Amino acid sequence: MEARYLVGFDLAQTDKQVADFLVIGSGVAGLFAAIKASQHGRVLLLTKELLEGNTRYAQGGIAAAIGPADSWQGHLADTLVAGAGLCDEAAVTILVQEGPTRIRELIALGARFDRQDDAIALTKEGGHSRRRILHAGGDATGLEIERVLAGAALANANIRVVDHIYAVDLLTDQGQCYGALAMNPAGALTAYLAKATILATGGAGQVYKHTTNSSVVTGDGLAMAYRAGAEVMDAEFFQFHPTALHVAGAPNALITEAVRGEGAQLLDINNRRFMLAVHPMAELAPRNVVARAMVQAMEATASDHVWLDMRPIQGLDLPTRFPTVFKTCQRYGIDIRHDLIPVAPVAHYFMGGIRINYQGRTNVRGLYACGEASCLAIHGANRLASNSLLDGLVFGHRIAECAQRYRLHISDEYLLQLKLSAPEPARLAKRTADIMELRQAIQQTMWREVGLTRNAAGLERALAELQAIGRQLAGPVEQPDQVETINLHTVSTLITRAALLRTESRGGHFREDFPEQNDQDWLKHIVLQGDSWALVEQKRG
Ligand code: SIN
């Protein structure tokens, strides 16, 4: 177990700010939680970069049973199937029942979803048995949600947004969280003290060399919570999105699953439509099924990609319906109306996270988590497409209500007089390796050994390599990029430990040495805390 705090500090000597609620993260979950919490008190919202993060790049949309022939029961059933036996049914029921109300609130705040024939237009994605995905700006749904929520937060007199600030560690005393210590880009520390602390820091896609995730998504909340004694659940489950652009020298840009929802097909490099033989839903099978079938098709043809063919899409003006995909591909000389698009799976969404209850509470008093940073087994072993923005809204709302009820009833003066300090961790030798090279070493190890296909030997190798990288990471922590890299290392180690423990294949976790799903032994969640772990039975519906 690493040091409790990454930096030495003494609150008596540290700049301090106080609020009722501290929210860390500015994606859909953090912004919505902040807006809701602002109805009950003063909110401080810390963000590494407002308007940057995974929400902003979400394309396909946000799922909700709002169509006339749809029902929350249908949405529930599809989510449970995608989750491969590990969804908490009560949690999913909350998600699908409360989702439509939260979306109406988002619309009331100003979100403009695309419309067709005087109604909200609905598209389809993998694993959904019907059209139930709202979208905005064609394929720029996340950008619209971020625009609306960030605007509302900035205009709210009860919310103070602190931009370009990096949370380093949660401040805890005897199992109670009192806020967080954060660093500005120059390395200066401030203590942000609060009566309830909400982590909404998003996922951890940057642990992998190839990911759709924004560069700011470095697992910070999870790593901070883990250092503070929080439980981490389902860390072995990482979702790989089937269709990221695969062009040498280009970023792994997401190509929304909605294109397959509208009729696009996957072909191997010999132009064979391989998904027909794999699953009755073909290209719209759950993501883990499609991603694995793509890898098999790539191996069978000794290729590093397959083709995404948008030409079968009927009746849509592609540049208008999918402007982001159109422009991204055009930049690399691909016209989606006529050309095949080279694609391959990359890391996309972390199903694991900080373990929470139905109100978003963690096992650390005063500490809450929501969105991708958290885990309530809503997504099980494999998230259903477009359920993540909805998760952020529904639990961002719930958490604010709960944090209001359970927040500490203490004065600002009490917080300002807290006596908390930590010595500089005993690793003061100057770091000799370049921090970005160490980050890349982590990402390469994770991609090679802990990616779509895993086995015991590779996972053991990954743990050994991560341990060696950990020794090189030792050294004073004076800059945000050092904090992020240590967090990536922590989260990588947690993912690898859990992946080694789960001796079966399920959802986003595929072990070639245990290729079958084993319901007899593994309808359980792995919970990591400090150096120990426990198995928790899957709740029945
Ligand atoms: C996509 O548009 O394919 C991504 C949506 C999601 O990850 O849910």
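The values are calculated or read from the model by the stated rules, or taken from the named source; none is laboratory data. None of the values given here were measured: they were computed from a predicted structure. Every residue, glycine among them, receives a Cβ derived from its backbone with ideal geometry; neighbour counts consider all protein chains shown.
Based on this model, can you work out whether ARG4 counts as closer than 30 Å to ALA194 by Cβ, at pLDDT 95 or above and among the basic types (Lys, Arg)? When the stated conditions are applied, ARG4 does not pass them.
For the residues ILE145, ILE198, the requirement of being under 19 Å from ALA37 (Cα atoms) and in a helix (DSSP H, G or I) singles out ILE145. Each residue in the stretch 57-84 was checked for being in contact with a helix residue (DSSP H, G or I) (Cβ under 6 Å, 6 or more places away or on another chain) and over 22 Å from GLY138 (Cα atoms), and 4 of them qualify.
Given the criterion out of contact with any helix residue (DSSP H, G or I) (no Cβ under 6 Å at 6 or more places or on another chain) and surrounded by 15 or more Cβ atoms within 10 Å (Cβ to Cβ), identify the matching residue among GLU98, GLU89.
Working: GLU98 fails: out of contact with any helix residue (DSSP H, G or I) (no Cβ under 6 Å at 6 or more places or on another chain).
Matching residue, one of GLU98, GLU89: GLU89.
Just one of the numbered conditions (1) surrounded by 20 or more Cβ atoms within 10 Å (Cβ to Cβ); (2) free of Cβ contacts under 8 Å to residues at least 40 places away in the same chain is not true of HIS509: (2). Of the numbered criteria (1) closer than 30 Å to VAL7 by Cβ; (2) out of contact with any Phe, Trp or Tyr (no Cβ under 9 Å at 6 or more places or on another chain), the one ARG461 fails is (1). One residue stands out in the stretch 305-329 among those that are of a type in the set (S, T, N, Q) and surrounded by 13 or more Cβ atoms within 10 Å (Cβ to Cβ): the one that is nearest to ASP139 (Cα to Cα), namely THR324. In this structure, is ASP20 assigned to a strand (DSSP E or B), of a type in the set (Asp, Glu) and either more than 16 Å from the ligand (Cβ to nearest atom) or within 28 Å of MET233 (Cα to Cα) (or both)? Yes, satisfied. Among residues of the stretch 56-69 that are more than 10 Å from THR256 (Cβ to Cβ), those with a Cβ under 8 angstrom from a residue that is part of a helix (DSSP H, G or I) and away from the ligand (no atom under 16 Å from the Cβ), sequence gap 6+ or separate chain, pair up as ALA64/PRO100; ALA65/TRP72; ALA65/GLY74; ALA65/PRO100; ILE66/PRO100.
Cβ-Cβ distances below 6 Å connect the following pairs, each with a first residue in the stretch 372-401 that is more than 15 Å from the ligand (Cβ to nearest atom), a second residue that is in a helix (DSSP H, G or I) and of a type in the set (Phe, Trp, Tyr), and a separation of six or more residues or different chains: GLY396/PHE32. In the stretch 309-325, the residues that are farther than 24 Å from GLU144 by Cβ reach residues that are in a loop (DSSP other than H, G, I, E, B) with C-beta atoms within less than 8 angstrom, at least six apart or across chains, in these pairs: ASP309/ALA264; ASP309/LEU340; ARG311/ARG337; ARG311/HIS338; PRO312/GLY263; PRO312/ALA264; GLN314/GLY263.
Restricting attention to the stretch 30-56, the residues that are touching a helix residue (DSSP H, G or I) at 6+ places or on another chain (Cβ under 7 Å), more than 16 Å from the ligand (Cβ to nearest atom) and of a type in the set (Val, Ile, Thr) total 2. Restricting attention to the stretch 209-234 and to residues that are surrounded by 24 or more Cβ atoms within 10 Å (Cβ to Cβ) and among the charged types (D, E, K, R), the residue that is farthest from the ligand (Cβ to nearest atom) turns out to be ASP220.
In the stretch 253-266, what count of residues is obtained for those that are part of a loop (DSSP other than H, G, I, E, B), crowded, with 23+ Cβ neighbours inside 10 Å and more than 9 Å from the ligand (Cβ to nearest atom)? Can you show your working first?
Filtering the stretch 253-266 for residues part of a loop (DSSP other than H, G, I, E, B) gives 253, 255-257, 262-264.
With crowded, with 23+ Cβ neighbours inside 10 Å added as a condition, the list becomes 255-257, 264.
Checking which are more than 9 Å from the ligand (Cβ to nearest atom) leaves us with 264.
Counting residues in the stretch 253-266 that are part of a loop (DSSP other than H, G, I, E, B), crowded, with 23+ Cβ neighbours inside 10 Å and more than 9 Å from the ligand (Cβ to nearest atom) gives 1.
Counting only residues that are in a loop (DSSP other than H, G, I, E, B), out of contact with any Phe, Trp or Tyr (no Cβ under 7 Å at 6 or more places or on another chain) and crowded, with 24+ Cβ neighbours inside 10 Å, how many does the stretch 39-86 have? Please lay out each step first, then the result.
Of the stretch 39-86, the ones in a loop (DSSP other than H, G, I, E, B) are 39-42, 48-53, 58-61, 64-71, 83-86.
Then keep just the ones that are out of contact with any Phe, Trp or Tyr (no Cβ under 7 Å at 6 or more places or on another chain); that gives 39-40, 42, 49-53, 58-61, 64, 66-71, 83-86.
Cutting the leftovers down to crowded, with 24+ Cβ neighbours inside 10 Å gives us 53, 58-61, 64, 83.
The qualifying residues number 7.
With respect to THR432, is the statement that it is more than 28 Å from ALA29 (Cα to Cα), of a type in the set (S, T, N, Q) and in a helix (DSSP H, G or I) true? Lay out the reasoning, then the answer.
Numbers: more than 28 Å from ALA29 (Cα to Cα): yes; of a type in the set (S, T, N, Q): yes; in a helix (DSSP H, G or I): no.
Here the answer is no, as THR432 does not meet what is asked.
Do any residues in the stretch 73-97 that are at pLDDT 95 or above have Cβ atoms under 6 Å from those of residues that are buried (at least 24 other Cβ atoms within 10 Å of the Cβ) and among the basic types (Lys, Arg), where the two are at least six apart or on different chains, and which pairs are they? Here the result reads ALA84/ARG506, each pair linking the stretch 73-97 to a residue that is buried (at least 24 other Cβ atoms within 10 Å of the Cβ) and among the basic types (Lys, Arg).
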